[in-house]
1. Grab the strands (runs of 3 or more DSSP E) fully contained in segment 128-238, keeping just those with 1 or more residues being assigned by the TED database to the domain that holds residue 45, more than 13 Å from the chain's Cα centre (by Cα) and basic (Lys, Arg).
2. So, in segment 137-163, how many residues would count as being closer than 18 Å to residue 121 by Cβ and either in contact with a Leu (Cβ under 9 Å, 6 or more places away or on another chain) or small (Gly, Ala, Ser) (or both)?
3. Give the residues of segment 21-68 that are more than 9 Å from the ligand (Cβ to nearest atom), open to solvent by less than 30 Å² (accessible area, probe 1.4 Å) and part of a loop (DSSP other than H, G, I, E, B), sorted by residue number.
4. Restricting to segment 1-20, count the residues that are of a type in the set (A, V, I, L, M, F, W, C), surrounded by fewer than 19 Cβ atoms within 10 Å (Cβ to Cβ) and more than 11 Å from the ligand (Cβ to nearest atom).
5. For segment 195-238, how many residues are within 20 Å of residue 22 (Cβ to Cβ) and not aliphatic (A, V, I, L, M)?
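The values are calculated or read from the model by the stated rules, or taken from the named source; none is laboratory data. Note that this is a predicted model, so its numbers are computed, not measured. Neighbour counts run over all protein chains shown; Cβ positions are idealised from the backbone, glycine included. The accessibility values were calculated without ligands, DNA or RNA, using every heavy atom of the protein model including side chains. Shrake-Rupley method; radii C 1.70, N 1.55, O 1.52, S 1.80 Å.
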Amino acid sequence: MLLEVEGLCVNYGHIEAIRDISFGVPEGTVTTLIGANGAGKTTTLKTVSGLRKVRAGTVRFDGKDITSLAPYERVKLGINQSPEGRRCFVGMTVRENLDMGAFVRKDRKTQAYRDDLDRVLTLFPRLQERINQPAGTLSGGEQQMVAMGRALMSRPRLLLLDEPSMGLAPKLIQQIFSIVTEINEQGTTVLLVEQNAAQALKRSDEAHILETGAIVRSGTGAELAGDEAVKAAYLGGD
Ligand code: ATP
(Lines give C-alpha, C1' and ligand atoms only; values in the text may rest on other atoms or scores of the structure.)
Protein backbone atom coordinates (compact mmCIF):
# COMPACT_ATOMS: atom_id res chain seq x y z
CA MET A 1 0.00 0.00 0.00
CA LEU A 2 1.31 3.44 -0.85
CA LEU A 3 -1.14 5.12 1.53
CA GLU A 4 -2.76 3.53 4.58
CA VAL A 5 -5.31 5.33 6.67
CA GLU A 6 -6.34 3.63 9.89
CA GLY A 7 -9.03 4.47 12.43
CA LEU A 8 -9.16 8.09 11.33
CA CYS A 9 -11.39 10.45 13.32
CA VAL A 10 -11.53 14.17 12.54
CA ASN A 11 -13.65 16.80 14.24
CA TYR A 12 -14.57 20.39 13.52
CA GLY A 13 -15.22 21.56 17.06
CA HIS A 14 -17.79 19.11 18.35
CA ILE A 15 -18.89 18.02 14.85
CA GLU A 16 -17.52 14.59 13.97
CA ALA A 17 -16.72 15.02 10.28
CA ILE A 18 -15.18 11.54 9.93
CA ARG A 19 -15.45 8.58 12.27
CA ASP A 20 -13.09 5.63 12.33
CA ILE A 21 -12.24 5.56 8.64
CA SER A 22 -9.75 2.95 7.42
CA PHE A 23 -8.71 2.32 3.84
CA GLY A 24 -5.63 1.85 1.69
CA VAL A 25 -4.49 3.16 -1.66
CA PRO A 26 -2.41 0.53 -3.47
CA GLU A 27 0.52 1.94 -5.45
CA GLY A 28 -0.31 2.49 -9.12
CA THR A 29 -4.09 2.62 -8.69
CA VAL A 30 -6.83 5.16 -9.02
CA THR A 31 -8.73 4.88 -5.73
CA THR A 32 -11.92 6.88 -5.36
CA LEU A 33 -14.05 8.15 -2.51
CA ILE A 34 -17.66 8.86 -3.41
CA GLY A 35 -20.52 10.10 -1.27
CA ALA A 36 -23.11 12.82 -0.86
CA ASN A 37 -22.44 16.42 0.18
CA GLY A 38 -21.00 16.55 3.68
CA ALA A 39 -20.09 12.84 3.79
CA GLY A 40 -16.51 13.69 4.73
CA LYS A 41 -14.65 13.25 1.45
CA THR A 42 -12.84 16.58 1.42
CA THR A 43 -11.99 16.22 5.11
CA THR A 44 -10.41 12.83 4.40
CA LEU A 45 -8.23 14.30 1.63
CA LYS A 46 -7.23 17.25 3.80
CA THR A 47 -6.20 14.87 6.56
CA VAL A 48 -4.01 12.93 4.12
CA SER A 49 -2.34 16.13 2.88
CA GLY A 50 -1.94 17.44 6.44
CA LEU A 51 -4.31 20.41 6.25
CA ARG A 52 -6.50 18.93 9.02
CA LYS A 53 -5.32 17.37 12.23
CA VAL A 54 -6.64 14.00 13.36
CA ARG A 55 -8.44 13.43 16.65
CA ALA A 56 -7.50 9.76 16.45
CA GLY A 57 -5.98 7.38 13.92
CA THR A 58 -2.89 7.18 11.74
CA VAL A 59 -1.88 8.07 8.21
CA ARG A 60 1.00 6.05 6.75
CA PHE A 61 2.72 6.80 3.46
CA ASP A 62 5.06 4.27 1.95
CA GLY A 63 5.22 2.52 5.33
CA LYS A 64 6.10 5.67 7.28
CA ASP A 65 3.83 7.21 9.90
CA ILE A 66 3.18 10.76 8.64
CA THR A 67 0.25 11.59 10.95
CA SER A 68 2.04 14.48 12.62
CA LEU A 69 3.97 15.84 9.61
CA ALA A 70 3.26 19.36 8.31
CA PRO A 71 1.72 19.69 4.82
CA TYR A 72 4.98 20.88 3.18
CA GLU A 73 6.82 17.88 4.63
CA ARG A 74 4.23 15.62 3.04
CA VAL A 75 4.66 17.44 -0.30
CA LYS A 76 8.38 16.69 -0.08
CA LEU A 77 7.59 13.00 0.43
CA GLY A 78 5.48 13.03 -2.73
CA ILE A 79 1.91 13.80 -1.69
CA ASN A 80 0.23 16.69 -3.47
CA GLN A 81 -3.35 17.88 -3.42
CA SER A 82 -5.14 19.65 -6.25
CA PRO A 83 -7.82 21.48 -4.28
CA GLU A 84 -11.55 21.66 -4.82
CA GLY A 85 -12.77 24.70 -6.69
CA ARG A 86 -9.91 25.22 -9.21
CA ARG A 87 -7.82 27.32 -6.93
CA CYS A 88 -5.16 29.14 -8.95
CA PHE A 89 -3.08 32.21 -8.28
CA VAL A 90 -5.28 34.42 -10.43
CA GLY A 91 -2.86 37.32 -10.79
CA MET A 92 -0.03 35.06 -11.95
CA THR A 93 0.42 33.68 -15.44
CA VAL A 94 -0.16 30.02 -16.23
CA ARG A 95 3.60 29.51 -16.35
CA GLU A 96 4.08 31.13 -12.93
CA ASN A 97 1.32 28.98 -11.47
CA LEU A 98 3.00 25.84 -12.78
CA ASP A 99 6.34 27.03 -11.37
CA MET A 100 4.70 27.49 -7.97
CA GLY A 101 3.83 23.80 -8.02
CA ALA A 102 7.50 22.96 -8.23
CA PHE A 103 8.55 25.01 -5.22
CA VAL A 104 9.81 21.99 -3.32
CA ARG A 105 12.09 20.98 -6.15
CA LYS A 106 15.70 22.00 -6.28
CA ASP A 107 16.15 21.18 -9.94
CA ARG A 108 14.24 24.01 -11.60
CA LYS A 109 17.06 24.86 -13.99
CA THR A 110 17.52 21.31 -15.18
CA GLN A 111 16.32 19.23 -18.09
CA ALA A 112 14.24 17.05 -15.71
CA TYR A 113 12.24 20.11 -14.73
CA ARG A 114 11.76 21.18 -18.36
CA ASP A 115 10.68 17.63 -19.22
CA ASP A 116 8.03 17.77 -16.50
CA LEU A 117 6.79 21.12 -17.75
CA ASP A 118 6.60 19.62 -21.27
CA ARG A 119 4.69 16.64 -19.91
CA VAL A 120 2.14 18.87 -18.18
CA LEU A 121 1.74 21.03 -21.29
CA THR A 122 1.32 17.92 -23.43
CA LEU A 123 -1.41 16.69 -21.08
CA PHE A 124 -3.04 20.13 -21.20
CA PRO A 125 -2.37 21.69 -24.64
CA ARG A 126 -4.79 24.50 -23.75
CA LEU A 127 -2.34 25.68 -21.13
CA GLN A 128 0.48 25.80 -23.66
CA GLU A 129 -1.59 28.22 -25.75
CA ARG A 130 -2.24 30.38 -22.69
CA ILE A 131 1.10 30.06 -20.97
CA ASN A 132 1.68 33.81 -20.52
CA GLN A 133 -1.91 34.73 -19.71
CA PRO A 134 -2.97 35.54 -16.12
CA ALA A 135 -4.74 32.47 -14.70
CA GLY A 136 -7.64 34.68 -13.59
CA THR A 137 -8.55 35.30 -17.24
CA LEU A 138 -8.98 31.58 -18.02
CA SER A 139 -12.28 29.69 -18.11
CA GLY A 140 -13.31 27.51 -15.17
CA GLY A 141 -12.23 24.33 -16.95
CA GLU A 142 -8.88 25.82 -17.87
CA GLN A 143 -8.30 26.92 -14.28
CA GLN A 144 -9.01 23.34 -13.20
CA MET A 145 -6.28 22.27 -15.63
CA VAL A 146 -3.89 24.81 -14.09
CA ALA A 147 -4.64 23.48 -10.59
CA MET A 148 -4.02 19.88 -11.70
CA GLY A 149 -0.94 20.85 -13.70
CA ARG A 150 0.47 22.73 -10.73
CA ALA A 151 0.03 19.68 -8.50
CA LEU A 152 1.77 17.51 -11.10
CA MET A 153 4.78 19.84 -11.25
CA SER A 154 5.88 18.63 -7.82
CA ARG A 155 6.15 15.14 -9.37
CA PRO A 156 3.88 13.58 -6.76
CA ARG A 157 3.85 9.86 -6.10
CA LEU A 158 0.33 10.34 -4.76
CA LEU A 159 -1.96 12.92 -6.34
CA LEU A 160 -5.04 13.90 -4.35
CA LEU A 161 -7.79 15.26 -6.58
CA ASP A 162 -10.80 16.92 -5.01
CA GLU A 163 -13.75 16.93 -7.41
CA PRO A 164 -11.85 17.81 -10.58
CA SER A 165 -15.07 17.65 -12.63
CA MET A 166 -17.05 20.03 -10.45
CA GLY A 167 -19.00 22.63 -12.39
CA LEU A 168 -17.60 21.64 -15.78
CA ALA A 169 -19.55 21.09 -19.00
CA PRO A 170 -20.07 17.39 -19.92
CA LYS A 171 -17.50 17.43 -22.72
CA LEU A 172 -14.86 18.88 -20.44
CA ILE A 173 -15.73 16.39 -17.70
CA GLN A 174 -14.88 13.55 -20.11
CA GLN A 175 -11.63 15.26 -20.94
CA ILE A 176 -10.64 15.76 -17.30
CA PHE A 177 -11.37 12.09 -16.51
CA SER A 178 -9.30 10.96 -19.50
CA ILE A 179 -6.44 13.09 -18.22
CA VAL A 180 -6.75 11.51 -14.76
CA THR A 181 -6.42 8.08 -16.41
CA GLU A 182 -3.43 9.26 -18.41
CA ILE A 183 -1.70 10.71 -15.35
CA ASN A 184 -2.23 7.37 -13.60
CA GLU A 185 -0.92 5.40 -16.59
CA GLN A 186 2.22 7.53 -16.50
CA GLY A 187 2.89 6.18 -12.99
CA THR A 188 1.19 8.50 -10.49
CA THR A 189 -1.09 6.92 -7.89
CA VAL A 190 -4.34 8.86 -7.59
CA LEU A 191 -6.77 9.30 -4.71
CA LEU A 192 -9.85 10.89 -6.23
CA VAL A 193 -12.89 12.45 -4.59
CA GLU A 194 -15.91 12.78 -6.86
CA GLN A 195 -19.61 13.52 -6.86
CA ASN A 196 -19.72 12.41 -10.45
CA ALA A 197 -19.87 8.79 -9.31
CA ALA A 198 -20.67 7.03 -12.58
CA GLN A 199 -17.68 8.48 -14.42
CA ALA A 200 -15.37 8.10 -11.47
CA LEU A 201 -16.21 4.44 -10.76
CA LYS A 202 -15.65 3.57 -14.42
CA ARG A 203 -12.06 4.72 -14.10
CA SER A 204 -11.30 3.49 -10.56
CA ASP A 205 -9.44 0.38 -9.52
CA GLU A 206 -10.88 0.61 -6.02
CA ALA A 207 -13.58 2.75 -4.46
CA HIS A 208 -15.13 3.48 -1.09
CA ILE A 209 -18.51 4.98 -0.35
CA LEU A 210 -18.74 7.47 2.48
CA GLU A 211 -21.92 8.25 4.36
CA THR A 212 -22.00 10.76 7.22
CA GLY A 213 -18.35 10.36 8.02
CA ALA A 214 -17.96 6.59 7.73
CA ILE A 215 -17.12 4.10 4.96
CA VAL A 216 -20.22 2.02 4.24
CA ARG A 217 -19.11 0.08 1.13
CA SER A 218 -15.84 -0.77 -0.55
CA GLY A 219 -15.06 -2.65 -3.72
CA THR A 220 -13.56 -2.39 -7.16
CA GLY A 221 -14.88 0.42 -9.33
CA ALA A 222 -16.68 -2.13 -11.53
CA GLU A 223 -18.27 -3.93 -8.54
CA LEU A 224 -19.67 -0.74 -7.09
CA ALA A 225 -20.80 0.61 -10.47
CA GLY A 226 -22.78 -2.61 -10.99
CA ASP A 227 -24.30 -2.76 -7.50
CA GLU A 228 -28.05 -2.10 -7.40
CA ALA A 229 -28.03 -0.19 -4.09
CA VAL A 230 -25.11 1.96 -5.23
CA LYS A 231 -26.83 2.60 -8.56
CA ALA A 232 -30.02 3.71 -6.84
CA ALA A 233 -28.27 5.99 -4.36
CA TYR A 234 -25.42 7.46 -6.38
CA LEU A 235 -25.80 6.78 -10.07
CA GLY A 236 -29.26 8.21 -10.64
CA GLY A 237 -30.64 4.69 -11.09
CA ASP A 238 -28.90 4.17 -14.47
P1 ATP B 1 -18.86 18.11 -0.29
O2 ATP B 1 -18.99 17.14 -1.39
O3 ATP B 1 -20.11 18.89 -0.06
O4 ATP B 1 -17.63 18.95 -0.33
P5 ATP B 1 -17.61 16.30 1.61
O6 ATP B 1 -18.01 14.87 1.53
O7 ATP B 1 -16.33 16.68 1.01
O8 ATP B 1 -18.78 17.20 1.07
P9 ATP B 1 -16.66 17.53 4.03
O10 ATP B 1 -16.43 18.85 3.39
O11 ATP B 1 -15.49 16.69 4.34
O12 ATP B 1 -17.67 16.66 3.15
O13 ATP B 1 -17.53 17.76 5.36
C14 ATP B 1 -17.79 16.75 6.32
C15 ATP B 1 -18.58 17.33 7.47
O16 ATP B 1 -17.78 18.26 8.18
C17 ATP B 1 -19.83 18.10 7.05
O18 ATP B 1 -20.83 17.84 8.00
C19 ATP B 1 -19.40 19.54 7.09
O20 ATP B 1 -20.50 20.39 7.37
C21 ATP B 1 -18.39 19.55 8.21
N22 ATP B 1 -17.36 20.58 7.99
C23 ATP B 1 -16.51 20.65 6.95
N24 ATP B 1 -15.67 21.71 7.06
C25 ATP B 1 -16.01 22.32 8.22
C26 ATP B 1 -15.53 23.46 8.92
N27 ATP B 1 -14.51 24.17 8.45
N28 ATP B 1 -16.14 23.80 10.08
C29 ATP B 1 -17.17 23.06 10.58
N30 ATP B 1 -17.65 21.97 9.98
C31 ATP B 1 -17.11 21.60 8.81
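1. 214-220
2. Looking only at that region, the number is 16.
3. Result: 26, 29, 50, 66.
4. Count: 2.
5. 13
This table checks each residue for (1) within 14 Å of residue 145 (Cβ to Cβ); (2) open to solvent by 50 Å² or more (accessible area, probe 1.4 Å).
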{"position": "166", "(1), (2)": "yes, yes"}
{"position": "184", "(1), (2)": "no, no"}
{"position": "188", "(1), (2)": "no, no"}
{"position": "203", "(1), (2)": "no, yes"}
{"position": "206", "(1), (2)": "no, yes"}
